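This report refers to the structure that appears directly beneath it.
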Amino acid sequence: MTKRVYTCFCTATIHKGHLNIVARAAELGEVTVGVLSDAAAIRYNRFPVASEAERLAAAKALPGVAHVVLQRDMLYDDILETLRPDIVVHGDNWSRSDAPEFAIRRHLLERLSAYGGELVELPYTHDPAVEKIDALDRERLAMPEFRRKRLRQLLKLCPIVKTLEAHSGLTGLITEKTVVTQADGRLDQFDAMWVSSLCDSTAKGKPDIELVDMSSRLRTIDDIMEVTTKPIILDGDTGGLTEHFVYNVRTLERIGVSAVIIEDKTGLKKNSLFGTEVEQTQESIERFCEKITAGKQAQRTDDFMIIARCESLILERGMEDALTRCRAYVRAGADGIMIHSRKKDPAEILTFCDRFRAEDSTTPIVVVPTAFNAITESELAAHGVNICIYANQLTRAAVPAMQSVATDLLKHHRALEVDARLMPFKQIITLIDA
Ligand code: SPV
Ligand code: MG
């Protein structure tokens, strides 16, 4: 009897490697190709450069392919249950125990053995032409017109868009490339990057008071963009003068930033984590709305997002004030709202989200759980939060590590004592694309 053979494609561009796999698979039986869905691909690998429909059509057109299906999960369970393939074919590149996909392979082997299915692994061909295609796909993801719209795409795909702070090429690379295997065997990674005013200023040794000007912020963004593909959300502070803001919106949009978040403060802005310990003035609803509307009118594409950040809870002006303001900001054209709090208890944030969601089911909500750090992403998502920003953890991890090494070098007058705490440069440079 003809065997049922299954293989999954998880990249967008069909190349020699896929053709090889299909040709070998066809020798084993009737081939079904699975196309990994967008939602699974962004966790497994990266954002696909072609749509699901295009990928399905491309797979279907290959010689030797009998059927194509959408594989909605990176684990093969649903596929094994519905198709019961006798053989699953995969490249042998996932069989190294340090490969992130190793847990997926192990899970698959367990499930296959439960019914007598078999895994056939083909030698992975390291072909310069295939590697070039891979590099081109990445280049394409980094292009402004592709990167810019990705945040809106992710908002549709993800229960919550996990965003990590980046303030340099290196921190951008860490955000881009960190992949973990979760307990259930699935892989996970960050979705987007936050260019924080606090961390960008801190990296330059300067206070977070809008002292680091837009030219310098753009330089940081460019450093990050040069080496990454994930979408960027810029902390735009107050947005400055409306006349300057509209100009900056166009610049950000042109270079491929996905969103700017501006906060409803005026005068000398200080970081929100100071709360009411420092003098802070909130902008009038009317003037802040004018700024939002002017920004929306300035942008040229539908991709770019202007997100309004409400500081009412930070400034202890109360829940009603926060809700009144956010409603007004949405009416003025804001594409999303960010609600901030510096309380350890997430109660006020969750009350806000529940009340806002009860009357507005679609406008994206952004939160920055720095103070209320015990809450999980899925709890936030359950209260209607769409974007979770880890706004400063990388900087806060790096500073004590650097300070302790600096102190010990001074104490010991040599580098031996600190060595065990240091990562070999050989390992660091694995992050950097040559
Ligand atoms: C930043 O990261 O610069 C922010 C978020 O604005 S917070 O520091 O929490 O105010
Ligand atoms: Mg800031």
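The values are calculated or read from the model by the stated rules, or taken from the named source; none is laboratory data. None of the values given here were measured: they were computed from a predicted structure. We place every Cβ from the backbone using ideal geometry, glycine too, and count neighbours over all the protein chains shown. Quick note on the areas: whole protein, heavy atoms, side chains included, nothing else; ligands and nucleic acids left out. Shrake-Rupley method; radii C 1.70, N 1.55, O 1.52, S 1.80 Å.
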Subset of the stretch 215-241 [more than 11 Å from ligand 1 (Cβ to nearest atom) and of a type in the set (A, V, I, L, M, F, W, C)]: 218, 221, 224, 225, 227, 232, 241
Of 132, 162, 204, 156, which residue is without any contact (Cβ under 8 Å) to a residue 24 or more places away in the chain and within 16 Å of ligand 1 (Cβ to nearest atom)? 204
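To keep it simple, each residue is scored yes or no on (1) of a type outside the set (A, V, I, L, M, F, W, C); (2) part of a helix (DSSP H, G or I).
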site	(1), (2)
306	no, no
312	yes, no
316	yes, no
325	yes, yes
351	yes, yes
Evaluate the stretch 257-274: report whether one residue or more is out of contact with any Ser or Thr (no Cβ under 7 Å at 6 or more places or on another chain), of a type in the set (D, E, K, R) and within 15 Å of ligand 2 (Cβ to nearest atom). yes
Kindly indicate whether residue 163 is touching a Cys at 6+ places or on another chain (Cβ under 9 Å), within 16 Å of ligand 2 (Cβ to nearest atom), in a strand (DSSP E or B) and at negative phi. yes
Please return the ranges of helices (runs of 4 or more DSSP H) entirely within the stretch 1-109 where 2 or more residues are within 28 Å of residue 149 (Cβ to Cβ). 38-44, 52-60
Among the numbered criteria (1) away from ligand 1 (no atom under 15 Å from the Cβ); (2) over 25 Å from residue 433 (Cα atoms); (3) aliphatic (A, V, I, L, M); (4) open to solvent by 10 Å² or more (accessible area, probe 1.4 Å), which single criterion is violated by residue 212? (1)
Positions within the stretch 161-204 being open to solvent by less than 20 Å² (accessible area, probe 1.4 Å) and charged (D, E, K, R), in sequence order: 162, 165, 191, 200
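For (1) open to solvent by 50 Å² or more (accessible area, probe 1.4 Å); (2) free of Cβ contacts under 8 Å to residues at least 40 places away in the same chain, each residue gets a yes or a no:
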position	(1), (2)
42	no, no
62	no, no
105	no, yes
113	yes, yes
139	yes, yes
150	no, no
Expected single match for among the acidic types (Asp, Glu), over 26 Å from residue 29 (Cα atoms) and under 20 Å from the mean Cα position of the chain (by Cα) among 52, 139, 131, 101 is 139
Residues located in the stretch 280-297, provided they are surrounded by fewer than 19 Cβ atoms within 10 Å (Cβ to Cβ) and either part of a helix (DSSP H, G or I) or aliphatic (A, V, I, L, M) (or both): 285, 286, 287, 290, 293, 294, 296, 297
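For every residue, the table says whether it meets (1) open to solvent by 80 Å² or more (accessible area, probe 1.4 Å); (2) within 18 Å of residue 307 (Cα to Cα); (3) out of contact with any Gly (no Cβ under 9 Å at 6 or more places or on another chain).
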residue: 345; (1), (2), (3): yes, no, yes
residue: 350; (1), (2), (3): no, no, yes
residue: 353; (1), (2), (3): no, yes, no
residue: 357; (1), (2), (3): no, yes, no
residue: 377; (1), (2), (3): no, no, yes
residue: 387; (1), (2), (3): no, yes, no
residue: 395; (1), (2), (3): no, no, yes
residue: 416; (1), (2), (3): yes, no, yes
residue: 426; (1), (2), (3): yes, no, yes
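Residue-wise test of (1) in contact with an Asp or Glu (Cβ under 8 Å, 6 or more places away or on another chain); (2) surrounded by 14 or more Cβ atoms within 10 Å (Cβ to Cβ); (3) among the small types (Gly, Ala, Ser).
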residue: 306; (1), (2), (3): yes, yes, no
residue: 318; (1), (2), (3): no, no, yes
residue: 331; (1), (2), (3): no, no, no
residue: 362; (1), (2), (3): no, no, no
residue: 368; (1), (2), (3): no, yes, no
residue: 371; (1), (2), (3): no, yes, yes
Counted residues, the stretch 375-432 - those being part of a helix (DSSP H, G or I), more than 16 Å from ligand 2 (Cβ to nearest atom) and β-branched (Val, Ile, Thr): 7
I need a count of the residues in the stretch 226-277 that are of a type in the set (A, V, I, L, M, F, W, C) and either at pLDDT below 95 or surrounded by fewer than 19 Cβ atoms within 10 Å (Cβ to Cβ) (or both). 7
